[in-house]
Amino acid sequence: MKKLRVILLMTVSFLLFYSIVCAQEKLGLLLIAHGSPMPQWNAPVLKIEKEVKTILSQKGCNQFSAVRVALMEFNEPSINTVIKDFEKRGIDKVYAIPLFIAPSGHSLFDIPAILGLYSDKDILNEIKSEGTEIVDTKVKITIGPTLNHGDILKNSMLDRVKALSTTPDSEGVVLLAHGDERFEPIWDSICKEIGYYVCAKTGIDYFDYAFVEVGQSFAAEGVPTILKAAEKKGKIIVVGLYLSMGVEKMANSSASLRMGKKTETKKLFADKNIRFAKRGILPDKRISEWAVDRAMEWAEGLQ
């Protein structure tokens, strides 16, 4: 009997100690965006950090001791810089949310490789050749979903279309997105779902989409899709599934090569009623709210 009491006492003591240790674990929230050499692209992304902190505070969520935005490439704060900052703050576990539209090489290979969670010689060599530092840390890191998780993309694109729509019966919508040929079925599904949603909510009955990267394939893929739509409808609304970039600038800065002749793509649209969205997804508080929801789900799962 005495031996049993000792065992029970030791068990209770261990569980109590374990619960105290777990309660003392410090959590960090890392929001990862692609990054750009252009400050105007990075600015709205970096503002998410403060917005997320505010929302967490309003919700009375004090699980996270630190919240930071990091840029995958081109600029600071880099992922490695932020992880080092977390280490200095004594963070034990980090939830990393890739602020990317959908599963892609960046979200499924590059980011895990940079975080030290995935090893592929070719990917690591490419990352290092671009000057990106690989994280080396004892902090436990979990990667969350991309933005296609939930309804945020559908509602964002609906807002962009509504802002430019005046006569739905005579309008068509073209959605431009980065795409990734390795995950094309997923991207196809996402774009079609957005199209069905936008058409159902607006009464517009024509929708198409094209994958144009960040403009590199605009002339080859985007222009034919837009011109085809313009043959069907009197007015075409073009929106972009991009975090921090509108498609108007893309259209104005692109050129098409046809029969050996270079033509500015905007001239191809000159005699047509085509409206390009100036904004991408940001600024949009719903992105920060979405990130907070994912983070709180993760934190609650640790309890």
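Read-outs: derived from the displayed coordinates by stated rules, not from any lab. This is a predicted model, so every value here is computed, not measured. We place every Cβ from the backbone using ideal geometry, glycine too, and count neighbours over all the protein chains shown.
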- Item | Separation of the THR166 and ASP85 label points, Cα + 7 Å toward Cβ, nm | 4.5
- Message: If each residue of separation counts as 0.36 nm, what is the full-extension length gain between THR202 and VAL214 once their alpha-carbon separation is subtracted?
- Response: 1.6 nm
- Of (i) 20.9; (ii) 21.5; (iii) 20.2, which is the value of Kirkwood radius over Cα pairs in Å derived from the coordinates here? (ii)
- Residues LEU30, LEU302 arranged by fewest to most Cβ contacts within 10 Å: LEU302, LEU30
- Note on the structure: Any residue on another chain or 5+ positions along whose placed amide H is under 5 Å from the amide H of VAL173 is listed here as TYR206, PHE207, ASP208, ILE237
- Sort the following peptides by mean Cβ neighbour count (other Cβ atoms within 10 Å, averaged over residues), highest first: 140-150, 93-103. 93-103, 140-150
- Query: Pairs LYS88/LYS128; LYS88/LYS140; LYS93/LYS138: which exceed 18 Å Cα-Cα?
  - Reply: LYS88/LYS128
- Expressed as cubic angstrom per residue, what is the convex hull volume of the alpha carbon set of segment 202-303? 130
- For segment 152-276, radius of gyration divided by Kirkwood radius, i.e. Rg to Rh on alpha-carbons: 0.95
- Message: Only Cα pairs within less than 10 Å get springs; with that Gaussian network setup on the chain, which residue of ALA163, ALA33, ALA230 has the largest fluctuation?
- Response: ALA163
- The alpha-carbon pair-distance distribution computed for segment 83-173, with 5 angstrom bins and whole-percent values, is 3, 12, 17, 15, 15, 10, 9, 7, 5, 5, 3, 1
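Which helices, counted as full DSSP H runs in the chain, have an axial Cα extent of no less than 20 Å and a Kyte-Doolittle average of 0.0 or above? Please list the in-between numbers first.
Numbers: long enough: 2-24 (33 Å, 1.43); 184-202 (27 Å, -0.04); 285-301 (24 Å, -0.82).
Span-like helices here: 2-24.
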- Taking every other residue with Cβ under 12 Å from the Cβ of ASP92 and scoring Lys and Arg +1, Asp and Glu -1, one gets +3
